[in-house]
Structures are given as structure tokens and as C-alpha cells.
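Encoded as C-alpha cells, the structure appears first; notes follow it.
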Amino acid sequence: MDGLTSFKNEIYKAGILIAAFFELASLPFLGVDVQFFYGLALGTAVAIVNFNLMELTFRWTLELRKSSIAVVGFFVRLVIYGIVFYMSIRIGLVSALGTALGFLTLKLALFYLHGFKAKFSKGRTVREEPEELQPKKHWYDYKENDEID
């Protein structure tokens, strides 16, 4: 469990740093806009809550072996995103922009940490499959007694 907690904390830290970057990048365009800041903070907080809900539904799906839990969890998270975005757009378009960017913070953190800065793929080698397990691509790859699908 400690590995998962440190994994999540690393994503949260990077997501919050990305949100801070968005806030700093908005200063020349919007100035100090409280609605944008609140929308960005709300979007980031909802993204963190939904990430935890996703982890919980995945855990329940694997423990109970019922895929319907994952589908219900997806729709619950989607409804949460929708309600929060609707509330934010009712406040103003700048707030809605901040909320939408806040929703993206954890996704961008995941892309950065496990896409651009991936440690798990360094030095990894792919093993060759034995010839009999490799897929046959042409009719001439079959021997006389092999069946053709």
C-alpha cells in the first residue's frame, strides 16, 4: 500500500505544481483574477477526489470481480465533473476555464511523470518469442499438415 500512496502523492504534487504554473501563466492575460484562481483550485481538487474514487472503484472491481462496479464508478465520476463544471460556468466563463484547466492538471501530471519522464522503461528488453508461438502471416508459413483458419 505504501507504494501506491507514494505513487499518488507524486502525482498530486506534480498536479498542484501544474496548477500553479497555469495560475502564473494566466497573470499576463487575466491579471489577478479571483474567479480563475477559485475555478482552478476547484478543478484540481475535484480531479484529486475523482482520482481517489477511480482507485476505490478499481479496487472494488478487482476484489469483487464485478465489472459493473467500474462502469458505475465511471458514471459517478462523470456526474461529479459535470455538476462542478455546471456550477463553475454559472459563476462565469473565466471560472469555467479555470475549472477545466484544473480538471486537466492530474492528467498532465500523469503524462509528464509516466510518459516524458518514465523511469520504468529504461534498460528494459523485450524477449523474443519462440518461432512456434509467433503468429503466421502468410499462407506459405504453414507446413503441409497445419490447418489454416
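The values are calculated or read from the model by the stated rules, or taken from the named source; none is laboratory data. Keep in mind it's a predicted model, so treat the numbers as computed, not measured. Glycine also receives a Cβ, built like all others from the backbone with ideal geometry; neighbour counts cover every protein chain displayed.
Here is the figure for the range 1-51: residues that are among the acidic types (Asp, Glu), in contact (Cβ under 8 Å) with a residue 24 or more places away in the chain and within 25 Å of GLY82 (Cβ to Cβ) total 1. Among the residues of the range 4-11, not a single one is modelled with pLDDT of 95 or more, within 21 Å of PHE111 (Cβ to Cβ), surrounded by 15 or more Cβ atoms within 10 Å (Cβ to Cβ) and touching a helix residue (DSSP H, G or I) at 6+ places or on another chain (Cβ under 6 Å). Among the residues making up the range 51-87, those that are closer than 21 Å to GLY15 by Cβ and aromatic (Phe, Trp, Tyr) are PHE51, PHE58, PHE74, TYR81, PHE85. Being within 16 Å of PHE103 (Cβ to Cβ) and under 19 Å from the mean Cα position of the chain (by Cα) holds for only one residue in GLY15, GLY39, and it is GLY15.
Checked against (1) without any contact (Cβ under 8 Å) to a residue 60 or more places away in the chain; (2) within 15 Å of LEU104 (Cβ to Cβ); (3) surrounded by 14 or more Cβ atoms within 10 Å (Cβ to Cβ), ILE91 passes all but condition (2).
When the range 35-76 is filtered for residues that are among the charged types (D, E, K, R) and surrounded by 13 or more Cβ atoms within 10 Å (Cβ to Cβ), only GLU55 remains. Annotation: PHE22 fulfils all but one of (1) over 17 Å from the mean Cα position of the chain (by Cα); (2) more than 23 Å from VAL79 (Cβ to Cβ); (3) at pLDDT below 95; (4) not aliphatic (A, V, I, L, M); the unmet one is (3).
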